[in-house]
Every structure is written in C-alpha cells, then in structure tokens.
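The values are calculated or read from the model by the stated rules, or taken from the named source; none is laboratory data. Everything quoted here is computed from the prediction, not taken from an experiment. Virtual Cβ from ideal backbone geometry, glycine too; neighbours counted across all protein chains shown. Surface accessibility is based on the protein's heavy atoms, side chains included, excluding ligands, DNA and RNA. Shrake-Rupley method; radii C 1.70, N 1.55, O 1.52, S 1.80 Å.
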Amino acid sequence: MAQQFEDKFHRKFYYLRLSVTDVCNFRCTYCLPDGYQPPGRKRPAFLTLEEIKRVVTAFADCGTSKVRITGGEPSLRKDFPQIIEAVANTQGIRKVATTTNGYRMAKQVATWREAGLTHINVSVDSLDPRMFHQITGENKFFDVMAGIDRALEIGYPQVKVNVVLMKDRNAKQLPEFLQWIKDRPIQLRFIELMQTGEMDELFNNHHVSGVEIRNQLIANGWILKAKGESDGPAQVFVHADYQGEIGLIMPYEKNFCESCNRLRVSAMGKLHLCLFGEQGVDLRDLLQHDSQENALIERIQTQLQNKSVSHFLHDGNSGMTPNLASIGG
Ligand code: SAM
Ligand code: SF4
C-alpha cells in the first residue's frame, strides 16, 4: 500500500465521497429549488466508468476502505449498477454506499445489491406526503417509502434515512419520526441545514440547531453510541425500546471537523478537501491511463497538506460551494 492519506492535523482519510453526476430530478428547496440547470456552455461529460475505476483504485491503495457514490442523483446514471460493481470490485474497498433520493429504489435496489452495494442512505425530509412534496418539489413520497421497504425486504440489515432539519417544516415532527423507527431497522439522521452559496434567506428562515432534539432524546432515555473507525461526525443515539437509531449531524457544533475522515471527488473529477472549501483541484488529466496512478497519488498527497483544520461556516463563509448537488453532499 502507498502511504495512507493523512493531513497535517493527523487526520486519516478512510472514506471517499464520489459524485458521479450533478444532475437531479428533484427540486429540494435547500439544494436545487429551481431544479437542475444545465450549464450554458458545453462542458466535459461526467467521469467515465474507467476514470471512476482509476480514482477509486488510487484512493484504495492509500487506505480508503469506504466509498459513497453520490450526486446530484446518482441513480440517474444509466451505468449506476456498473459503477457500483466497479467500486465494489476494487481491492481494499469494503463498504460501498450510496446516497439517493430513492425515487428509483423500489424497482432497482435488488440490482444495486447484486452489484455490490453494501449501505444505503435515502433522503426523506418529512413523513407527511404533502410536506415531502413541498420540500422536494416531487410527489414521490410513496415511491420512496416503497423503496425503503424493498431494501429491507431483500436483506439490507439497516437503511439510513437523511432528514434535513428545518424550522417550520419538520423540526417539530420528532414524535412521528420516532414512531416510524420503533420497529424498523432504520438509522434516522437529522442533518442541520447548511448554508451554501446560493441560499441566504432560506437558511436564515429555517436553520435550527439539533441541540433541542438531542436534549429531548437524552431526556427520554436515549444513549449516545461509541464511534467506529470509519464513522463520520454523526452522533448516534440508541434506545432499548426502539429497533431504529437516531443520528445527529451538527456541522455548526464546535469540534465537528476533528473527526473528519473523508475526501470528495466531484463528477468532473475535482478533488475537494472540504464540502465548504475551495474550487477543487483537477485530477482528470491523471485519470486517463492506469500508468498515471503514482502521479495521481502524489497530487492528492500534496493537496492534502492544504486541508484546513475546520470549515468557516460559523463566519457565514460557505466557500465556493453553490449547492450540495454540485460537489456531492
Ligand atoms: N440526491 C441524493 C439525495 O438527496 O439523497 C444525493 C445527493 S444530496 C446533495 C446528499 C444529501 O445532502 C441529502 O441527504 C440532502 O438532503 C443533503 N443536503 C443537500 N443540501 C443540503 C443543505 N443545504 N444542508 C444540509 N443538507 C443538505
Ligand atoms: Fe436532488 Fe438530493 Fe439536491 Fe434534493 S438534495 S435536489 S434530491 S441532489
């Protein structure tokens, strides 16, 4: 193995989030409220299967054991099962995850599992179908729910569900969410709304801290679970009476970045050291031949030395990220 990816703050990177497309068919108010807008001028296509194989191989050779395939909506890619398979067949990769809006899950999740997908995160911002429609712009609540049921039915031991926490939308729906996970193996993760370049008013109107939910959980006997090596910054709570778990992702909380173990590669082949960082460093010229692997690793190692200790969200600085669909949330 080449030298493990590590930054100057001794953080090791086991986890790659790989975006395979910017395109999405939903219009979530906090992400792509006007839907996906194709760029005015022609630009290069998204990473090809061959380029994906090369980037994942280089990461795996430097200690990465988990890859999340994300987007935009990753399942919009026709070769999504082939991408899963290529990642799963890379030596050293033990976990292949995806984050999806779930619209295609009921029909396709069995194929994804066969291809080697080990973990699934689905976004469900409300259990009220009308509110779901209002937030995502799509009337697909029941399709997404059927997708989750199907994933559990075909043998996934657990499905993670992402909920972006929003004041006046879902922040008061904790009892409904708890009821839903009582007898289901679901890890429901409340993600605090993050400010991105294209959103100001929405953030000011709807951002709410996860602290209140955490206090309610603790008051009702929920217990914080210890973290594993490849776990991210989520705080996960468990309760003896519930099959499901609750996760809290609170990027505005102090020390959030201390446990950062992830790097990102965009659908255009740019390395991003942080979700809220810079413009990204192009890797694509080094993804054209297998023989370029050493040069690719060297470029990533060099860039890693520039990774900041923390994001600057507290100062209202969300970096160059216009929305999370653009570099893979
Ligand atoms: N389309 C897929 C989906 O929605 O699950 C994958 C990409 S999406 C960008 C990944 C995750 O980022 C989703 O769970 C989404 O809810 C979350 N997300 C997007 N914009 C966000 C924001 N501004 N703040 C917090 N979470 C956000
Ligand atoms: Fe699409 Fe996911 Fe963004 Fe919603 S959060 S608009 S589903 S990329």
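Listing for the model above:
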| read-out | value |
| --- | --- |
| Top-ranked residue of the range 226-240 - restricted to ones that are small (Gly, Ala, Ser) and open to solvent by less than 70 Å² (accessible area, probe 1.4 Å), ranked as farthest from Leu263 (Cα to Cα) | Gly228 |
| Residue check for Glu85: closer than 27 Å to Leu193 by Cα and either within 16 Å of ligand 2 (Cβ to nearest atom) or surrounded by fewer than 21 Cβ atoms within 10 Å (Cβ to Cβ) (or both) | no |
| Matching option when the condition is without any contact (Cβ under 8 Å) to a residue 60 or more places away in the chain, open to solvent by 30 Å² or more (accessible area, probe 1.4 Å) and either over 18 Å from Arg68 (Cβ atoms) or not aromatic (Phe, Trp, Tyr) (or both), among Lys95, Lys172, Lys182 | Lys172 |
| From the options Ala106, Ala115, residue that is within 16 Å of ligand 1 (Cβ to nearest atom), small (Gly, Ala, Ser) and over 15 Å from the mean Cα position of the chain (by Cα) | Ala106 |
| One residue from Ile191, Ile154, Ile223, Ile218 being β-branched (Val, Ile, Thr), open to solvent by 20 Å² or more (accessible area, probe 1.4 Å) and within 12 Å of ligand 1 (Cβ to nearest atom) | Ile191 |
| Flag if Phe132 is in a helix (DSSP H, G or I), open to solvent by less than 20 Å² (accessible area, probe 1.4 Å), in contact with an Asp or Glu (Cβ under 7 Å, 6 or more places away or on another chain) and not aliphatic (A, V, I, L, M) | yes |
| Members of the range 43-93 found to be under 18 Å from Leu263 (Cβ atoms) and charged (D, E, K, R), listed by number | Glu51, Lys53, Arg54, Asp61, Lys66, Arg68 |
| Filtered residue count, the range 2-32, keeping only those that are more than 22 Å from Val96 (Cβ to Cβ), in contact (Cβ under 8 Å) with a residue 40 or more places away in the chain and part of a loop (DSSP other than H, G, I, E, B) | 13 |
| Test set (1) within 28 Å of Lys307 (Cβ to Cβ); (2) within 16 Å of ligand 2 (Cβ to nearest atom) - Thr64 fails condition number | (2) |
| Single residue of Gly221, Gly147, Gly197 found to be assigned to a loop (DSSP other than H, G, I, E, B) and in contact with a Ser or Thr (Cβ under 9 Å, 6 or more places away or on another chain) | Gly197 |
